[in-house]
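See below for the structure under consideration.
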Amino acid sequence: MARAATRYVCQSCGAVNSRWQGQCGDCSSWNTIQAEATPAATPFAAKHSLAGGGRKFEMASLADDVALPDRLSTGIGELDRALGGTVGGPAAGSGGLVPGSVILIGGDPGIGKSTLLLQAAGRMARDGHAVAYVSGEEAADQVRLRARRLGLARADVQLASETNVRDILTTLSAGKPPALLVIDSIQTMHSDTLEGAPGTVSQVRASAQELIRYAKTTGTALILVGHVTKDGQLAGPRVLEHMVDTVLYFEGERSHQYRILRPVKNRFGGTDEIGVFAMGAEGLEEVTNPSSLFLTDRDSAVTGAVVFPAMEGTRPVLCEIQALVVRLPSGATPRRAVVGWDSGRLSMLLAVLEARCGLGFGNHEVYLNVAGGLKVSDPAADLAVAAALISALTDRAVPGDCVAFGEVALSGELRPAGLATLRLKEAAKLGFRSAFAPKGTASGALRVEALPTLAALVDRLAPE
């Protein structure tokens, strides 16, 4: 009889080695490699061909018509928006959960993942849907106390504190499948078919596979909560993100009240929408106007501060770009610090300002911040950042009722930004009257001051 072989698997990245070693050669983590037994290889299995003897199945055509899936609303509009579909519509394809789909949600400890999912479970239960909430980290009484604080004490959510996947699936299979199953968290689950502690690569993969198979065969929407590493990435094997249909990241700082739910993978919708929440006394509250969170009071114009109408999916969000430029003694090494924007793009923009506009930042320290802790990746923020830098360097304030957006090329040319009409309309709604924008931007709700190049913006803000 063939002897079972032993392989050594890194518990951080899943890399497989033929022998034990102290440091993983792939992810450079120390003391993360553990031994795992592999199935025994027999001569029959090695010689047997898989080209025949199987079950024939019927192929379908890509051109066949298929109806849009009927989604289940979670009762939280911002969560439905992040999950995809059309929010607020009764027709098929409206925002919410797709039956049989699997969602993986990750975020820092204490950011509000369990609170959000308990609120969604409670609201779906109040709407008459069967909901099961299985926690491997809290006792059922702890979940009840949290539900009472959130005003969901009367919601008929089926609670359990269990970590054995076999027991969970046996209990659920004994009755009617629920519409929603929440597993909090997947790192605490374990399968008795494998050896190893919960949280290891093999246990997380096997437990998730069994739960996903149950969701696909019964049509239950499954939400898995995942731990994250110190770098903010989902812990465990990377294959876990490939197994699920949707991956959501819950972002935010504990010092700020806002939280952003951002999809990075979605098989049933786009990944360009976000859900915005604010942490209140009664849990997470929806923020229908995110611009109110990221704009400070603008009673008077301040140097180095410019408002930028960013696009988060189809939603315009106004945020404030703040810049500070400090002159240093000759010979000192200047510092560049960026919060909420790409540091490489800041370096490029400083080079364009120096090469094309004659502004020198070589002996100045530059600090850039996006107010409210928002992270901006929209390339149209170039013009707003440039305006903030010019304002901070020349000590001339940009008009308080003005916004700026547009992409800056290496030649100093300004290129139009997408969805300009929505940006201008949102700015006008919040009381702004004018905008700095690239040439060719159509005037809409605001008076647009079209600029062909970055040098034209310098002449406009610092005439002499």
Seminar exercise, completed: Among (1) under 34 Å from the mean Cα position of the chain (by Cα); (2) over 17 Å from Cys319 (Cα atoms); (3) of a type in the set (A, V, I, L, M, F, W, C), Ala462 falls short only on (1)
Problem set entry | Scan of segment 384-403 for residues that are assigned to a helix (DSSP H, G or I) and among the small types (Gly, Ala, Ser), ordered by number | Ala384, Ala386, Ala387, Ala388, Ser391, Ala392
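Please verify whether Leu410 is over 16 Å from Pro316 (Cα atoms) and part of a loop (DSSP other than H, G, I, E, B), treating the condition exactly as stated.
In short, yes.
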For this session: Report yes if some residue within segment 217-231 is at positive phi, under 18 Å from the mean Cα position of the chain (by Cα) and buried (at least 20 other Cβ atoms within 10 Å of the Cβ); otherwise report no.
Result: no
Problem set entry | Cross-chain or 6+ apart pairs with Cβ under 8 Å, segment 368-390 first and closer than 18 Å to Gln257 by Cα and buried (at least 24 other Cβ atoms within 10 Å of the Cβ), then among the small types (Gly, Ala, Ser) and modelled with pLDDT of 95 or more | none
For this session: Output the number of residues of segment 265-276 satisfying the condition of being modelled with pLDDT of 90 or more and either assigned to a strand (DSSP E or B) or open to solvent by less than 60 Å² (accessible area, probe 1.4 Å) (or both).
Result: 2
Exercise. Within the set of pairs 6 or more residues apart or between chains, which connect a residue that is assigned to a loop (DSSP other than H, G, I, E, B) inside segment 161-174 to a residue that is among the β-branched types (Val, Ile, Thr) and at pLDDT 95 or above with Cβ atoms less than 6 Å apart?
Worked result: Glu162/Val134; Glu162/Ile168
For this session: Would you check if there is a residue in segment 129-149 being β-branched (Val, Ile, Thr), surrounded by fewer than 15 Cβ atoms within 10 Å (Cβ to Cβ), at pLDDT 90 or above and part of a helix (DSSP H, G or I)?
Result: no
For this session: Looking at (1) at pLDDT 80 or above; (2) open to solvent by 50 Å² or more (accessible area, probe 1.4 Å), find the lone condition where Asp80 falls short.
Result: (2)
Problem set entry | Residue among Ala409, Ala455 that is among the hydrophobic types (A, V, I, L, M, F, W, C) and crowded, with 16+ Cβ neighbours inside 10 Å | Ala455
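The values are calculated or read from the model by the stated rules, or taken from the named source; none is laboratory data. Just so it is clear, the structure is predicted and the values come from calculations on it, not from any experiment. Cβ coordinates were reconstructed from backbone atoms using ideal geometry, including for glycine residues, and neighbour counts include every protein chain displayed. These accessible areas exclude ligands, DNA and RNA; they are computed on the full protein's heavy atoms, side chains included. Shrake-Rupley method; radii C 1.70, N 1.55, O 1.52, S 1.80 Å.
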